[in-house]
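Notes to accompany the following structure.
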There are 2 protein chains.
Amino acid sequence: MTTTIFDDLSLWRAARLAGLRRGSTLGFVPTMGALHEGHVSLVRRSREENDRTLVSIFVNPSQFDDPNDLANYPRPLEDDLAMLDAEQTDFVLLPDQAQLYPDGYRYRVSETERSGTLEGAHRPGHFDGVLTVVLKLLQIAQADRAYFGEKDWQQLHLVRGLAEAFLLPTRIIGCPTVREADGLAISSRNRRLDPDDREKAAEFHRTLSSAATADGAARALERAGFTVDYVEDDASRRVGAVRIGGVRLIDNVPLGERQ
Amino acid sequence: MTTTIFDDLSLWRAARLAGLRRGSTLGFVPTMGALHEGHVSLVRRSREENDRTLVSIFVNPSQFDDPNDLANYPRPLEDDLAMLDAEQTDFVLLPDQAQLYPDGYRYRVSETERSGTLEGAHRPGHFDGVLTVVLKLLQIAQADRAYFGEKDWQQLHLVRGLAEAFLLPTRIIGCPTVREADGLAISSRNRRLDPDDREKAAEFHRTLSSAATADGAARALERAGFTVDYVEDDASRRVGAVRIGGVRLIDNVPLGERQ
């Protein structure tokens, strides 16, 4: 085991201060565990760009609008730690809810303009929970860089704005979505798809990428058996969320990628 | 001039990192300027307890519910800097609005239970603005201790909760209210009282301290010519807010102090 595990935030803080005194750069990958190739790509990027890499694992209750989704969220901690060790992660932070929410979530961060659209419109309170926990984690990490997947496109942009607004010393770095061979964006929730739905799920990315318009993509996805929460284009990106077999999937593609 | 002035946050950040590397402790006194003996007492306490002391001056627009109050807020910068220099303050931070609000206040911090009472009930949005700017400033300061006056009693307690909720490395220290000879709590707004109202204003503290009940204090203050926003007792403290001659005053006393 080359990884040092911290479940006590004050011990981590002391370790980070020692690193700052040495001038050691730190990359940070916040996760909710159930790690997959997407997370591994973030850890590898962090290791390339920093002296040390910290990964946190915390399934954050405040960002779940659906209690079933929270209850069913996978928590394979032993596998996660083995994967992080294999990737030579330097530090793993395993905070618990009492440590991260001493206030019982009385204090929260919100964004007033862009957090109410797309995911925010379909998941009430979701981004308040995300922004609140990310600010706590970034504050603890005191990292030079933090890595977020582009798969959560709206989250990435809101977190980038958060770091700027609260003058954090951390640069927010977006990393490309990692996909299965058939194009499905890798997600912890994919393992909840039954085999038929798993096969069908690849249509989501194919349709986002190939349809001429967002509305056309939404109609094609409905015809293919998905329930569409939204498909929308902005200046450079098409973002979408669908449900199939009780599992919610999100994805996005650059608009130039349409065929 | 022994004081180093920072109007560039990144230069301050570099100086603080150098201090952290040396193991130098830092005390922080966030202010809105118009400094008086109350602020001086915070600076002195900080100098006693820390290797270095940082004072920030920023009149925070987001915490003003009344545009007239913001417009009339005194900004005697030269006097403030002379006073801080005389007190041998090590560092002064003079951020501007663009530096502290690159997001245009899209991102904000709120507290869901205790911020809507007392001051919060009478000044809509006030504590969102306070908590947001204080989190930014504490995040920049990376101080060991930060000093707040007990005069802003509810603010002190909300800021203490904020530091705990966001896992800040900074201990929040409340300091006793400094009073004029006649008992009036010193405040930047006192200089806006005309001589008659200034004399009458001393009744506020006397009545808070002497009345048997909060309601009795409120009635006595109304009789004395104040407009009472509230007077309330909790377990250990009587807090009140009144208006006289267009100036709003707040104060609080320990309940044991009643005569």
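Structure notes:
- The condition of being in contact (Cβ under 8 Å) with a residue 40 or more places away in the chain, within 14 Å of chain A (Cβ to nearest Cβ), touching an Asp or Glu at 6+ places or on another chain (Cβ under 7 Å) and within 25 Å of B:R160 (Cα to Cα) holds for only one of B:R114, B:R123, B:R108, that being B:R108.
- Per the listing A:S110, A:S115, the residue uniquely polar (S, T, N, Q) and assigned to a loop (DSSP other than H, G, I, E, B) is A:S115.
- Test: residue in region A:214-225 that is farther than 21 Å from A:A181 by Cβ, among the acidic types (D, E) and at pLDDT 95 or above: yes
Residue by residue, here is whether (1) surrounded by fewer than 21 Cβ atoms within 10 Å (Cβ to Cβ); (2) within 30 Å of B:S10 (Cα to Cα) holds:
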{"site": "A:Q97", "(1), (2)": "yes, no"}
{"site": "A:R106", "(1), (2)": "yes, no"}
{"site": "A:L118", "(1), (2)": "no, no"}
{"site": "A:G125", "(1), (2)": "yes, no"}
{"site": "A:V130", "(1), (2)": "no, yes"}
{"site": "A:D144", "(1), (2)": "yes, yes"}
{"site": "A:G149", "(1), (2)": "no, yes"}
{"site": "A:W153", "(1), (2)": "no, yes"}
{"site": "A:A165", "(1), (2)": "no, yes"}
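- Any hit, region B:21-35, residues being among the basic types (K, R), touching a helix residue (DSSP H, G or I) at 6+ places or on another chain (Cβ under 8 Å), crowded, with 19+ Cβ neighbours inside 10 Å and in the same structural domain as B:Q139 (by TED's automatic domain parsing): no
- Residue within region B:53-62 that is of a type in the set (F, W, Y) and under 13 Å from the mean Cα position of the chain (by Cα) present: yes
- Of all residues in region B:39-60, those that are touching a residue at least 40 places away in the same chain (Cβ under 8 Å) have Cβ atoms under 6 Å from Cβ atoms of residues that are surrounded by fewer than 18 Cβ atoms within 10 Å (Cβ to Cβ), 6 or more apart or on another chain, in B:N50/B:T25.
- Failed item in (1) within 30 Å of A:D197 (Cβ to Cβ); (2) under 15 Å from the mean Cα position of the chain (by Cα), with A:R160 passing the rest: (1)
- When B:L135, B:L100 are screened for being of a type in the set (A, V, I, L, M) and either within 21 Å of B:L249 (Cβ to Cβ) or in contact with a Lys or Arg (Cβ under 7 Å, 6 or more places away or on another chain) (or both), only B:L100 passes.
- Region B:75-105 - residue that is polar (S, T, N, Q) and either in a loop (DSSP other than H, G, I, E, B) or within 11 Å of another protein chain (Cβ to nearest Cβ) (or both) and, of those, farthest from B:R52 (Cα to Cα): B:Q99
- Scan of region A:228-239 for residues that are in contact with a helix residue (DSSP H, G or I) (Cβ under 7 Å, 6 or more places away or on another chain) and exposed (fewer than 13 other Cβ atoms within 10 Å of the Cβ), ordered by number: A:S236
- Condition met for B:G225 (touching a helix residue (DSSP H, G or I) at 6+ places or on another chain (Cβ under 7 Å), away from every other protein chain (no Cβ under 14 Å), buried (at least 17 other Cβ atoms within 10 Å of the Cβ) and not aliphatic (A, V, I, L, M)): no
- Taking region B:126-166 as the range and being among the polar types (S, T, N, Q), closer than 20 Å to B:R45 by Cα and more than 13 Å from chain A (Cβ to nearest Cβ) as the test, only B:Q155 passes.
- Taking the criterion of being closer than 17 Å to B:E37 by Cβ and β-branched (V, I, T), the residues of region B:157-198 that qualify are B:T177, B:V178, B:I186.
- Test: residue in region A:211-219 that is assigned to a helix (DSSP H, G or I), in contact with a helix residue (DSSP H, G or I) (Cβ under 7 Å, 6 or more places away or on another chain) and buried (at least 17 other Cβ atoms within 10 Å of the Cβ): yes
- If you filter region A:152-204 down to residues that are assigned to a loop (DSSP other than H, G, I, E, B) and among the hydrophobic types (A, V, I, L, M, F, W, C), you find that the one that is nearest to B:R106 (Cα to Cα) is A:F166.
- Residue in region A:230-240 that is within 21 Å of the chain's Cα centre (by Cα), under 25 Å from A:H36 (Cα atoms) and assigned by TED's automatic domain parsing to the domain that holds A:L118 present: no
The values are calculated or read from the model by the stated rules, or taken from the named source; none is laboratory data. This one's a predicted model, so the numbers in the text were calculated from it and none came from an experiment. FYI the Cβ positions are ideal-geometry reconstructions off the backbone, even for glycines, and counts take in every protein chain you see.
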